[in-house]
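Quick notes on the structure that follows.
What follows draws every value from the coordinates through simple rules; no lab data is involved. Given the structure is predicted, the values throughout are model-derived calculations rather than measurements. Heads up, the Cβs are rebuilt from the backbone with ideal geometry, glycines too, and the neighbour counts pull from every protein chain shown.
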């Protein structure tokens, strides 16, 4: 089996990220609830995409790329972090974003600070966005540039290597704490983080269940299985990829990137109980789904549960929270 050190990587993040117990929420729910703070990863306002970009932009550099293109919604944390990491290595970033709603504030301000070129496509279809990216890349090639394409969320097997690495961190940190995690819970918006955590748990956290909270209605069971299969091939690993390892629940609300009452309530609950911020449309919805599973008894018999904070707080300054009920 290959090791992560066998793959090119640019160390953008400050790792390991903190992992500790949420004492107040643990008392409320009668479980030992821990958090992995990938929002404190040390780039911009933090977030899970940094781990993926360490491998993806290293691959771009190895291929001689001078321009990186990626896609997302107007408040995409992945797009913003791509711009931030690309700036670190002197690579131009072009962000091709869906045009949706009022296009101001939040991560769009950070995109500008990082000197990214932002192009909007007035569509709800990523097929249209990718077609526009193809046109841009062809124009760049004709001008003598070497572009590198990163899909939404950096969710390809090479990017998911970052979350195999995260499970190694979790294994070391849990051993230091004297805790064995029964379950890991994470937001699932494009599938790559969840796939890396799930396959990484098979390799480094035996007996730990990986649960993804989908914040859109993509077929994440199939997406995760495909990405995990790609990880197995990349790593030349023996551990099989099995459907039974994939546990997806959903907390979408009125739609992707649209605040939900549950998500906004979860933002306030975490802030007021633990002093930690999450955004209302991605990590906040995953947190709401996690709270609901706890209340429904989904983790019956499981005592030590880790929630992975995937970042995105920049959206708090662009998306209005719904009023409290």
>> What FRET efficiency comes out for residue 28 versus residue 180 if R0 is 30 angstrom and r is the Cβ-Cβ distance? Round to the nearest 0.05.
In response: 0.85
> For the chain, what is the percent of antiparallel DSSP beta bridges, rounded to the nearest 5?
Replying inline: 10 percent
> What is the helix-to-structure angle for 261-274, meaning the angle in degrees between its Cα long axis and the longest Cα principal axis of the chain, kept from 0 to 90 and rounded to the nearest 10?
Replying inline: 70 degrees
> So how tilted is helix 77-88 from the main axis of the chain? Cα-based, degrees 0 to 90, rounded to 10.
Replying inline: 60 degrees
>> Running a GNM on the chain with Cα contacts under 10 Å, which residue among 50, 156, 118 ends up with the highest mean-square fluctuation?
In response: 118
> Arranged by the count of other C-beta atoms within 10 angstrom, fewest first, what order do 300, 228, 15 take?
Replying inline: 300, 15, 228
> Helix-derived [θ] at 222 nm for the chain: sum -39500 (n - 2.57) over DSSP H runs of at least 4, divide by residue count, nearest 500?
Replying inline: -13500 deg cm²/dmol
>> Using only Cα atoms and rounding to the nearest 10 degrees, what angle (0 to 90) does helix 49-62 make with the longest principal axis of the chain?
In response: 30 degrees
> Measuring from centroid to centroid over Cα atoms, what is the spacing of the stretch 59-109 and the stretch 116-133 in Å?
Replying inline: 12 Å
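How long are the three semi-axes of the equivalent ellipsoid of the chain, in whole Å, if each is the root of 5 times an eigenvalue of the C-alpha gyration tensor, listed from largest down?
30, 24, 17
Could you work out the relative contact order of the stretch 49-154? I mean the mean sequence separation of Cα pairs under 8 Å and 6+ apart, divided by the number of residues, in percent.
Reported relative contact order: 36 percent.
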> Mind checking which of 51, 119, 135 has the largest fluctuation in a GNM of the chain, springs on alpha carbons under 10 Å?
Replying inline: 135
> What residue among 76, 260, 273 has the largest mean-square fluctuation in a Gaussian network model of the chain, using Cα springs under 10 Å?
Replying inline: 273
